[in-house]
Amino acid sequence: MFDEIEFDKIKRLPKYVFAAVNELKMAERRAGEDVIDFSMGNPDGPTPQHIVDKLVESINKPRTHGYSVSKGIYKLRGAVGTWYKQKYNVDLDLDREVVATMGSKEGYVHLVQAITNPGDLAMVPDPCYPIHSQAFILAGGNVHRLKLELNDDLTLDEAGFFRNIEKALRESSPKPKFLVVNFPNNPTTATVELPFYEKLVDIARQERFYIISDIAYAELTYDGYVTPSILQVPGAKDVAVESYTLSKTYNMAGWRVGFMVGNAKLIGALEKIKSWLDYGTFTPIQVASTIALTGDQSCVHEITEVYRKRRDVMVKSFENAGWPVVSPRASMFVWAHIPEPFRHLGSLEFSKKLLMEAKVAVSPGIGFGAYGDEYVRVAMIENEERIRQAARNIKKFLRTPEA
C-alpha cells in the first residue's frame, strides 16, 4: 500500500549483516544446541555494587522521578570534568564543552544529525563500528572510507593512515568536513599513541575539518598500554570532540550513560538538538554515574583484569587449536584473521560455518566494512572455561576438510 511513498534514508542503509548470524544462532539454540557466543560486545559481569547502591539510594527519593535535563545534570557533568582532569589533565568548561548522553551511540548519532548538511562528506575508517559511517548516511551526508591499515601487532600503520587522509583531501569532492577516529578501535583493537593525535590536530587545523574521536574502550587496556585522549593536544578543542561511555568500563551497558566533550561549537549543536528530542537519562542513573566516575576505581582494574585473563586464555587456546590470533593490548575483542583454508569463503560464510559446525558465534568482519572481510571479531564475553570449550570445538572443526 502507498508504494509511491519511499523512505530514502532507510533505502540508503545497507542490509544488517549481523542479522544473518543472529538468526542462525537463535535457531541453533531453539534446537537445543549449546552455542558459545562471542558475537556481541555485551559485558557479562555485574555493575559494581557501590554504583548500584547509589542508584537505589537515589531512586528512593521521589524528587528524582521527574523530567531530567537533556544535557545532563550538573553533578554528572562535573564528574566528567573531574575524570578528564585526573586522567588526562584536561580542563573542561562544564557549561559549554560537556554534554551527558544516553550512551555514546545516541550522542554520536545526534551530533552527526546536528552538524551534517545534505551532501556533506565525512572520512570514516574501514573497518569501523557500523554506526560511525551509517550515522552520516542517515543524516543525508556521504562517507569516504579510509582503509584502516594495521601493523602485524595490530597497532595502527600511521603512515598509511595519514597517506589515506591526504589522498581523500586531495581527491574528494566536496572536500571532507569531518573525520571519525576510534582508538582503541572497534573492531580491530588497533591502538595509537599521543603523537598520532598531535599530527592529526595539525592536519585538521590546516585543512579545516572537524575530528570526532570515540574512546569507548579507553580503560580496557593491557600490558602497560595507556589510551591517550585527543584533548591532551594543545588546541585540540578548536577542532575536536570526544565521546566516551560507561558501558564497558563499569559493566553499565544497559544503563545507557555516556558523554561527549570538547569543541564548544559542536557541543553546542549537540546540546541544542538534544533539547528538542529528549529530557535526558533518568536522574537516578545519572546520579549513580557520578559515583562511577569519581568513586572507588578499583572496580575498573578488576573488570579489566577479567578481560586480560580471558584474552590470555583465548590467545593461547585458539593457537593450540590451530588458529593463531594476535593478542590485543586494548578493548574486549580479538580481531582474528580467518584461517587460511577458509579465507576464500569470506567472513560471513565462514562465521555461519563456524556457528553451524563448531557451535561458536563470532561477528563477520564484512559487517564492519569491506576491508574487514578477511577477519572476524571475537568478543571476550564468555568465561575462561567456555573459551577453552570453544577452542576444543574449533580444533575439531579445523581438522575437518573444507569442502
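The values are calculated or read from the model by the stated rules, or taken from the named source; none is laboratory data. These numbers were taken from a predicted model, which means no experiment stands behind them. Cβ: placed from backbone, ideal geometry, glycine included. Neighbour counts: every protein chain shown. Accessible surface areas use protein heavy atoms only, side chains included; no ligands, DNA or RNA. Shrake-Rupley method; radii C 1.70, N 1.55, O 1.52, S 1.80 Å.
List of remarks:
- Rounded, prolate or oblate (a/c below 1.5 giving rounded, otherwise prolate when a/b exceeds b/c) for region 76-172 by Cα gyration tensor: oblate
- Rounded if a/c under 1.5, otherwise prolate or oblate - region 351-403, Cα gyration tensor axes: oblate
- Ranked order, Y16, Y67, Y375 - accessible area, probe 1.4 Å, largest first: Y67, Y16, Y375
- Computed over region 1-140, Cα set: Rg, Dmax in Å: 20.8, 58
- Since only N60, L154, N89 are under comparison, the one whose Cα sits farthest along the positive direction of the charge dipole of the chain, derived from C-beta charges on Lys, Arg, Asp and Glu, is N60.
- With a Förster radius of 35 Å applied to the beta-carbon distance between K309 and N22, the computed FRET efficiency rounds to 0.80.
- Within the shell defined by Cβ-Cβ distances under 12 Å, the residues around H144 carry a net charge of +3, with Lys and Arg each +1 and Asp and Glu each -1.
- Accessible area of the chain belonging to carbon and sulfur atoms, whole % at 1.4 Å probe: 52 percent
- Rounded to the nearest 20 debye, dipole of region 271-393 from Cβ charges on Lys, Arg, Asp, Glu: 160 debye
- Over all distinct Cα-Cα pairs of region 154-309, the Kirkwood formula returns a hydrodynamic radius of 17.3 Å.
- Note on region 166-231: along the principal axes its Cα atoms extend 41, 22, 16 Å, ordered by decreasing extent.
- Members of K9/K61; K11/K352; K25/K396 lying beyond 31 Å, as alpha-carbon distances in this model show: K9/K61
- Aspartates and glutamates whose Cα lies under 19 Å from that of K167, excluding same-chain neighbours fewer than 8 positions away: D120, D126, E149, D157, E158, D202, E207
- Entry note: the chain has Rg to Rh equal to 0.97, where both radii use alpha-carbon atoms and Rh is the Kirkwood radius.
- Lys, Arg +1 and Asp, Glu -1 on Cβ, resulting dipole of the chain about Cα centre, debye, nearest 20: 480 debye
- Mean ellipticity per residue at 222 nm, deg cm²/dmol - from DSSP H runs of n ≥ 4 across the chain, formula -39500 (n - 2.57): -13500 deg cm²/dmol
- Segment L194-Y225, extension gain: residue separation times 0.36 nm, minus the distance between their alpha carbons: 10.0 nm
- Label-reachable residues, region 31-62, where backbone N falls under 14 Å from a point 7 Å from D296's Cα toward its Cβ: 48-54
- Per residue, the accessible area of the chain comes to 44 Å² when a 1.4 Å probe rolls over the protein heavy atoms.
- Dipole of region 327-400, positive end: most advanced residue of G365, S351, I394 [Cβ charges, Cα centre]: I394
- A Gaussian network model of the chain, with springs between Cα atoms under 10 Å, assigns the largest mean-square fluctuation among L277, L266, L24 to L277.
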